[in-house]
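Written out below as structure tokens is the structure these notes cover.
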Amino acid sequence: MIPGSPFTVVDGGLSTVLDAHGFDLRHPLWTGRLITESPEALVKAHLAYLRCGAEVLITASYQASVAGLEHLGLSRQAAEAALASTTALAREAALRHGSAALVAASVGPYGATRADGSEYHGDYGIDEAELLDFHRQRLEVLVASGPDLLAIETIPSVAEARAVAGAMLSIAPTPSWFAFVCRDAQHTAGGDRIEDAIEVAASIPGIVAVGVNCTDPRLIGPLLNRAAAVTDLPLVAYANSGQSWNAAGAHWQGEPVPADDPALVARWIDAGARLIGGCCGAGPTQIASLRAQRDAIALQG
């Protein structure tokens, strides 16, 4: 968080920009396929957010994993190098822009790597020990890549949060935020009370903020209020477009809701949100709006 600022502006959905740039992301690695196929496209996507005022860039590692990259034909060493390169790609964008933006390495849920939408329910059919091993392997690579912080995001359940917590014990404490995906104003996508989920996340060494992402903007305010009741940590909020994911058709459906609605954003700030951005469906236009709102609040205060 930037001292003295009402909130720090996080970027928006990486896939949203890449879709707009004409890339077909219907692939098991989603945006992660471009790590090896078109790294320059990822740099340009990051640049799009820097140009509209983002102060934190989230890397393209959300749906990527060592095993997933190996399935593309990479050796273990090459797969680890490709995963680590996502941090360097975001840094390259910041360098080209002359920006001091922070780089947050995305640590997505296990379900994201399955490319079947299971992060939106968290029912993976594996136990916590397997989840812990999955997250530990990826965390070791991402932490070694040297990001400013980790964006542990779109986690659907307390069970997966506990697995991430266990995996974090094997690495050096790293500044991180932890955000859950939620299905309503009280529960994570996996059906856990948000208060219980937040308490688990907040107990992890190195966690600097907790909150909600990839969730309907209309739900985030109530969820943050519940989170604030069980933690004094700053909160993080980055909404999606309010639509639902159609896993069979690999597309979002439903009427979109603005992820930058000023009335909703004001409630998030009142609840304690100090990192605010956008997720799926929220692109540069929404991030520019959030930056303008942030700057206007700063001028008033």
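The values are calculated or read from the model by the stated rules, or taken from the named source; none is laboratory data. Everything numeric in this text was worked out from a predicted model, so none of it was measured. Every residue, glycine among them, receives a Cβ derived from its backbone with ideal geometry; neighbour counts consider all protein chains shown.
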Checking Tyr110 against (1) surrounded by fewer than 22 Cβ atoms within 10 Å (Cβ to Cβ); (2) over 30 Å from Gly53 (Cβ atoms), which single condition isn't satisfied?
-> (1)
Does segment 119-130 hold any residues that are free of Cβ contacts under 8 Å to residues at least 60 places away in the same chain and either touching a Gly at 6+ places or on another chain (Cβ under 7 Å) or in a strand (DSSP E or B) (or both), and which are they?
-> Tyr124
Considering segment 164-175 alone, what residues qualify as being without any contact (Cβ under 8 Å) to a residue 40 or more places away in the chain and surrounded by 24 or more Cβ atoms within 10 Å (Cβ to Cβ)?
-> Met168
Applying the selection to segment 86-137, what residues are in contact with a Leu (Cβ under 7 Å, 6 or more places away or on another chain) and not hydroxyl-bearing (Ser, Thr, Tyr)?
-> Leu89, Ala90, Ala93, Ala94, Arg96, His97, Ala101, Leu102, Val103, Ala104, Ala105, Val107
All but one of (1) at negative phi; (2) of a type outside the set (Ser, Thr, Tyr); (3) over 20 Å from the mean Cα position of the chain (by Cα) hold for Val43; which doesn't?
-> (3)
Some residue of segment 139-152 being assigned to a strand (DSSP E or B), closer than 19 Å to Thr231 by Cα and modelled with pLDDT of 95 or more = yes
Could you please let me know if Glu255 is modelled with pLDDT under 95, of a type in the set (D, E, K, R) and out of contact with any strand residue (DSSP E or B) (no Cβ under 6 Å at 6 or more places or on another chain)?
-> yes
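Considering only residues of segment 138-162 that are of a type in the set (A, V, I, L, M, F, W, C), closer than 17 Å to Ile126 by Cβ and in contact with a strand residue (DSSP E or B) (Cβ under 9 Å, 6 or more places away or on another chain), which is surrounded by the most Cβ atoms within 10 Å (Cβ to Cβ)?
By that ranking, first place goes to Ile155.
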